[in-house]
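Asker: Encoded as structure tokens, here's the structure I'll be asking about.
The values are calculated or read from the model by the stated rules, or taken from the named source; none is laboratory data. Just so it is clear, the structure is predicted and the values come from calculations on it, not from any experiment. A quick note on method: Cβ atoms are made from the backbone with ideal geometry, for glycine too, and the neighbour counts reach across all protein chains shown. The accessibility values were calculated without ligands, DNA or RNA, using every heavy atom of the protein model including side chains. Shrake-Rupley method; radii C 1.70, N 1.55, O 1.52, S 1.80 Å.
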Amino acid sequence: GNIFFRFPLYGKFNFEKIKELMERKGIFVRKGVDSLIHRLMKLDEKNFPNAEETFKNTVSIPIYPALKKSEYVRVARASKEIVLKYGN
């Protein structure tokens, strides 16, 4: 299968707002990871404050080798415009 690379950005982001605005530009962002292992194992989130903090405050943008120059320039410009604007 295909493996795509994503570039995580860390900050005090309003993830839902960033996701909505980036999708309007045809760019699909995600959280830094899909799930936290301690949640899958049903362990108390209070015991993993750093993982929770990082998960909450990370957005990943699509950056991978198969992107054309025009595509990664578009992702970079949109990220600068939106992610920096809606990060706290």
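Asker: Within the set of pairs 6 or more residues apart or between chains, which connect a residue that is of a type outside the set (Asp, Glu) inside segment 66-88 to a residue that is exposed (fewer than 12 other Cβ atoms within 10 Å of the Cβ) with Cβ atoms less than 7 Å apart?
Answerer: Partner pairs satisfying both residue conditions: 87/12; 88/12.
Asker: Answer yes if at least one residue in segment 37-53 is open to solvent by 40 Å² or more (accessible area, probe 1.4 Å), closer than 19 Å to residue 5 by Cα and either out of contact with any Gly (no Cβ under 8 Å at 6 or more places or on another chain) or at pLDDT 90 or above (or both), and no otherwise.
Answerer: Scanning segment 37-53, I find no residue that is open to solvent by 40 Å² or more (accessible area, probe 1.4 Å), closer than 19 Å to residue 5 by Cα and either out of contact with any Gly (no Cβ under 8 Å at 6 or more places or on another chain) or at pLDDT 90 or above (or both), so the answer is no.
Asker: Under 7 Å between Cβ atoms, at least 6 apart or on separate chains: pull out the pairs that start in segment 40-56 with a residue that is hydrophobic (A, V, I, L, M, F, W, C) and end on any residue that is in a helix (DSSP H, G or I).
Answerer: 48/38; 51/38
Asker: If you take the residues in segment 60-70 that are of a type in the set (A, V, I, L, M, F, W, C) and modelled with pLDDT under 90, which one is most open to solvent (accessible area, probe 1.4 Å)?
Answerer: Here the answer is 66.
Asker: Taking the criterion of being acidic (Asp, Glu) and surrounded by 13 or more Cβ atoms within 10 Å (Cβ to Cβ), would at least one residue in segment 26-34 satisfy it?
Answerer: No, segment 26-34 has no match at all.
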